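Peer 1: Before anything else, here's the structure in question.
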Amino acid sequence: MDKEHLRREAEALRRLYEDLKHALATVIVGQREPLHYLSLSLFARGHALLIGPPGVAKTLMVSTLAQAMGLSFHRIQFTPDLMPADILGTEILQIDPETGQRHFRFTPGPIFAHVILADEINRASPKTQSALLEAMQERSVSIAGETHTLPEPFFVLATQNPIEQEGTYPLPEAQLDRFMFAIFVGYPSREEEMEIVRRTTALWEPKVEPMLSAERILHLQRIVRQMPVAENVIRYAVDLVRSTRPQENKDPFIRENVSWGVGPRAAQFLLLAAKAHALLSGKYAPDVEDVQYVAIPVLQHRMVLSYQAEAEGISPQKIIRYLVEQKIPVV
């Protein structure tokens, strides 16, 4: 892609994003940073995990964004009795009324949509959680030996309540690693909460008009991937990822507080997210600052901390900020 074409596409995407933010603000009060990360995941072709207490508009954010994007949307409420077939679909035995022959017909489950809201994903059993693994990575599902392709674009946007842990099943590291972002959604400010109460206790019907289409989003995803990246930015992203691994980092703070660092998929997501952030900011190429901006939501859910770190209240966010601020030697 030549520079002039990229400049025009970047400017068009930036204007589109400004219009999108304005449209979302008519429905969602505040939560600008979570909405920004959600938009990055859509344009960078990634999945996102939203973590926050009840009532902070996690579900509303996902459904409103799907409306604005002009995409099909299905919400799946994860419960302990939910089975994989309830998500993926199943084969039903049918009898041909003319010939009397029996045959199986596949009935698609709710996962066959552009945007899937996996609500309270940690309430389902590990068996049901694992039903999403192939869909998230391969964008397809396999039923009875047949592979069924999911619609493109395809996104899994999951929610999780960090407060109530009784009767929940923590997501395994292999599944967490498939989420591009872990986005923490906090409580609104006092002014924002007053506006929320004002809107929701009156005749208020939240709705946005579609601004995009599936074809347009696929085109924008290709633009993000075609964006050039300087060698020093790639080197920084890889070194930042490698510095989270205590086996490769001599820094005592990392060795004492991290049991397992992040894997190579983290570096891929760092660069893709940095590209999308740069484009939405009106840049024509990402720089180190763009990588640093997305480092916490991309890396924080992939680390396994030591018992010492958990006992001393050291969070993944603190470790990532430490690595961003330090010149960590990687061998």
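Peer 1: Taking the stated definitions as given, is Ala66 touching a His at 6+ places or on another chain (Cβ under 8 Å), surrounded by 22 or more Cβ atoms within 10 Å (Cβ to Cβ) and not in a loop (DSSP other than H, G, I, E, B)? Before you say what the answer is, go through the steps one by one.
Peer 2: On the way: touching a His at 6+ places or on another chain (Cβ under 8 Å): yes; surrounded by 22 or more Cβ atoms within 10 Å (Cβ to Cβ): yes; not in a loop (DSSP other than H, G, I, E, B): yes.
In short, yes.
Peer 1: Are any of the residues in the stretch 82-93 crowded, with 18+ Cβ neighbours inside 10 Å and under 14 Å from Ala158 (Cα atoms)?
Peer 2: Looking only at the stretch 82-93, we keep the residues that are crowded, with 18+ Cβ neighbours inside 10 Å, and these are 82, 84, 86-89.
Filter again for under 14 Å from Ala158 (Cα atoms), leaving 87.
Within the stretch 82-93, one or more residues are crowded, with 18+ Cβ neighbours inside 10 Å and under 14 Å from Ala158 (Cα atoms).
Peer 1: Sticking with this one: When you check Ala48 against the structure, is it part of a helix (DSSP H, G or I) and crowded, with 18+ Cβ neighbours inside 10 Å, yes or no?
Peer 2: Numbers: part of a helix (DSSP H, G or I): no; crowded, with 18+ Cβ neighbours inside 10 Å: yes.
So Ala48 does not fit the description; no.
Peer 1: For the structure I just gave you, tell me whether Ala273 is within 20 Å of the chain's Cα centre (by Cα), crowded, with 18+ Cβ neighbours inside 10 Å and among the hydrophobic types (A, V, I, L, M, F, W, C). First the steps, then the outcome.
Peer 2: On the way: within 20 Å of the chain's Cα centre (by Cα): yes; crowded, with 18+ Cβ neighbours inside 10 Å: yes; among the hydrophobic types (A, V, I, L, M, F, W, C): yes.
In short, yes.
Peer 1: Right, next: Could you please find all residues in the stretch 218-250 being among the hydrophobic types (A, V, I, L, M, F, W, C) and surrounded by fewer than 15 Cβ atoms within 10 Å (Cβ to Cβ)? Steps first, answer last, please.
Peer 2: So in the stretch 218-250, the residues among the hydrophobic types (A, V, I, L, M, F, W, C) come out as 218, 220, 223-224, 227, 229-230, 233-234, 237-238, 240-241.
Correct list: Leu218, Ala230.
Peer 1: Here is a further query. Exactly one of (1) farther than 14 Å from Ile51 by Cα; (2) touching a helix residue (DSSP H, G or I) at 6+ places or on another chain (Cβ under 9 Å); (3) not in a loop (DSSP other than H, G, I, E, B) is unmet by Pro188. Its number?
Peer 2: Pro188 satisfies all of (1) farther than 14 Å from Ile51 by Cα; (2) touching a helix residue (DSSP H, G or I) at 6+ places or on another chain (Cβ under 9 Å); (3) not in a loop (DSSP other than H, G, I, E, B) except (3).
Peer 1: Okay, next question. Any residue that is in a helix (DSSP H, G or I) and under 22 Å from Arg216 (Cβ atoms) - is there at least one of those in the stretch 74-85?
Peer 2: Taking the stretch 74-85 and keeping what is in a helix (DSSP H, G or I), we get 84-85.
Next, only the ones that are under 22 Å from Arg216 (Cβ atoms) stay: none.
No, that holds for no residue.
Peer 1: Quick test of your reading of the structure: Ser130 fulfils all but one of (1) buried (at least 20 other Cβ atoms within 10 Å of the Cβ); (2) touching a Pro at 6+ places or on another chain (Cβ under 9 Å); (3) free of Cβ contacts under 8 Å to residues at least 60 places away in the same chain. Name the failing condition by number.
Peer 2: Here Ser130 clears every test but (1).
Peer 1: Here is a follow-up. Starting from residues that are in contact with a helix residue (DSSP H, G or I) (Cβ under 7 Å, 6 or more places away or on another chain) and in a loop (DSSP other than H, G, I, E, B), keep the ones in the stretch 106-129 and report whichever is farthest from His47 (Cα to Cα).
Peer 2: Residue satisfying both the conditions and the ranking: Gly109.
Peer 1: Could I ask something else about it? Go through the stretch 14-55 and give me each residue that's at positive phi and without any contact (Cβ under 8 Å) to a residue 40 or more places away in the chain.
Peer 2: Gly55
Peer 1: Let me ask something else about it. Looking only at helices (runs of 4 or more DSSP H) that fall completely inside the stretch 230-331, which ones have 2 or more residues that are more than 23 Å from Ser39 (Cβ to Cβ)?
Peer 2: Numbers: elements: 231-242, 252-257, 264-280, 288-299, 307-311, 316-325.
By residue number, 231-242, 252-257, 307-311, 316-325.
Peer 1: Counting just the residues of the stretch 169-195 that are over 25 Å from the mean Cα position of the chain (by Cα) and surrounded by 13 or more Cβ atoms within 10 Å (Cβ to Cβ), which one comes out farthest from Arg123 (Cα to Cα)?
Peer 2: Among those that are over 25 Å from the mean Cα position of the chain (by Cα) and surrounded by 13 or more Cβ atoms within 10 Å (Cβ to Cβ), it is Glu195.
Peer 1: Right, here's the next one. If the requirement is being surrounded by fewer than 16 Cβ atoms within 10 Å (Cβ to Cβ), among the charged types (D, E, K, R) and either under 21 Å from the mean Cα position of the chain (by Cα) or under 18 Å from Tyr17 (Cα atoms) (or both), which of these qualifies: Glu215, Glu256?
Peer 2: Working: Glu256 fails: either under 21 Å from the mean Cα position of the chain (by Cα) or under 18 Å from Tyr17 (Cα atoms) (or both).
Only one candidate passes the filter, namely Glu215.
Bear in mind these aren't lab numbers, they're just calculated from the coordinates by the rules spelled out. Everything numeric in this text was worked out from a predicted model, so none of it was measured. We place every Cβ from the backbone using ideal geometry, glycine too, and count neighbours over all the protein chains shown.
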